[in-house]
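**Q** So that we are looking at the same thing, I have put the structure below in structure tokens.
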Amino acid sequence: MVLLHTVRTQAEHFRSLIPLIADQYTVYALDLPGMGYSEIMPGASYDEPAMRAGVKRLLTELDLHDVTLVGESMGAVLALTTAADLPERVRRVVAVNTYDFRGGIARSSLLARVVVGGVLTPGVGPVVAGVEPKAVVRRILQGGLVDRTALREDYLDELLQVGRRPGYASVARAVYQSLPSLIAARSRYPEVKAPVHLVYGEKDWSRPSDRQADKELLPTADFTQVPGAGHFIALERPDLLADLLNAVA
């Protein structure tokens with residue numbers, strides 16, 4: 001099983017999930033290009049095709065087969081497009097709260113809209129991206145949770161530590177600038193040959209129309225809506241996600 005995280009997070013996003021599935025799977029949790037502790041390459045692209053290339057490189061260089069790809073948010077999009085590219089390696093995709101609609105995190109709160117808007121603003125954007133007060137990051141991430149206590153302080157501290165890496169602010173800004181490429185990637189969904197399970201939190205940022213649009217692109221996909229959960233189900237309900245994954249191992 002390969003786990004793919006989302007924007008401004010890292011492999012540790014799945015630390016509560018991994019112990020619950022480790023008896024059933026050999027688990028790989030990837031730091032996506034430029035994020036977590038992966039190498040920061042000056043001038044690198046962080047659009048969807050470039051991120052997907054990083055995932056494909058993991059699968060091919062480790063020669064992984066019979067892979068279940070599990071992605072949350074941006075990671076869900078990458079799981080689907082990687083499966084489209086590597087049908088001979090991917091046996092199943094579990095796509096959790098696909099981040100492939102306009103607005104995205106800006107739908108979570110006024111604070112998120114202000115901060116992300118500032119990051120994307122020409123001129124001041126790089127400065128805004130490099131300033132991450134803990135209280136602000138906490139509030140923005142909690143906007144993806146119904147149970148705000150699911151954001152553990154030690155996990156938040158690790159995210160902030162990673163955010164202080166030289167060059168990380170440029171990565172963060174480039175990722176936000178590349179979010180439209182995740183919307184464009186929806187055109188690849190009909191190419192996925194592996195079985196797909198779409199999972200959405202009831203209180204996810206996506207609207208019913210967004211979810212229906214993906215169901216129409218993936219008409220044979222299973223569909224689960226998690227009551228009382230938000231965008232970060234791996235943080236909020238790892239038990240439920242583990243039950244779903246272990247049931248199809």
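The values are calculated or read from the model by the stated rules, or taken from the named source; none is laboratory data. Note that the structure is a prediction, hence the values are computed from the model and not measured. When we count neighbours, we look across all protein chains shown, and the Cβ atoms used for this are built from the backbone with ideal geometry, even at glycine. These area figures cover heavy atoms from the full protein model, side chains too; ligands, DNA and RNA do not enter into them. Shrake-Rupley method; radii C 1.70, N 1.55, O 1.52, S 1.80 Å.
**Q** Quote to one decimal, in nm, the extra length available between Asp157 and Asp63 on full extension: 0.36 nm per residue of separation minus the C-alpha distance between them.
**A** 30.4 nm
**Q** Let me ask something additional. With all protein chains present, how much of the accessible area of the stretch 2-247 (probe radius 1.4 Å) comes from carbon and sulfur, to the nearest whole percent?
**A** After summing per-atom areas, the C and S share lands at 54 percent.
**Q** Now, a different point. Taking only protein heavy atoms into account and a 1.4 Å probe, give the accessible area per residue of the chain in Å².
**A** 43 Å²
**Q** Under a Cβ-only charge scheme (Lys and Arg +1, Asp and Glu -1), can you give me the dipole magnitude of the chain about the Cα centre, in debye to the nearest 20?
**A** For this selection, approximately 740 debye.
**Q** Taking 7 Å along the Cα-to-C-beta vector as the label spot, tell me the Glu202-Gln177 distance in nanometres, rounded to one decimal.
**A** Placing both labels 7 Å along Cα→Cβ, they lie 4.0 nm apart.
**Q** If R0 is 41 Å, what FRET efficiency do you get for Arg164 and Thr220 from their C-beta distance, rounded to 0.05?
**A** The pair Arg164/Thr220 has a calculated efficiency of 0.40.
**Q** With the chain treated as a Gaussian network of Cα nodes joined by springs under 10 Å, which of Glu12, Glu202, Glu216 yields the largest mean-square fluctuation?
**A** Answer for the Gaussian network model of the chain: Glu216.
**Q** I want to check a number: in the chain, how many lysine pairs have alpha carbons closer than 30 Å, given a sequence separation of 8 or more or different chains?
**A** Lysine pairs meeting both conditions in the chain amount to 6.
**Q** Then there is this: Remind me, relative contact order of the stretch 2-247 in percent, using alpha carbon pairs under 8 angstrom and six or more residues apart?
**A** Result for the stretch 2-247 is 26 percent.
**Q** Report, in deg cm²/dmol and to the nearest 500, the calculated mean residue ellipticity at 222 nm for the chain, where each DSSP H run with n ≥ 4 adds -39500 (n - 2.57) and the sum is divided by the residue count.
**A** -12000 deg cm²/dmol
**Q** Toward the positive end of the charge dipole of the stretch 2-247, about the Cα centre and with charges on Cβ (Lys, Arg +1; Asp, Glu -1), which of Leu151, Pro190, Ala112 goes farthest?
**A** Working it through, the farthest residue towards the positive pole turns out to be Ala112.
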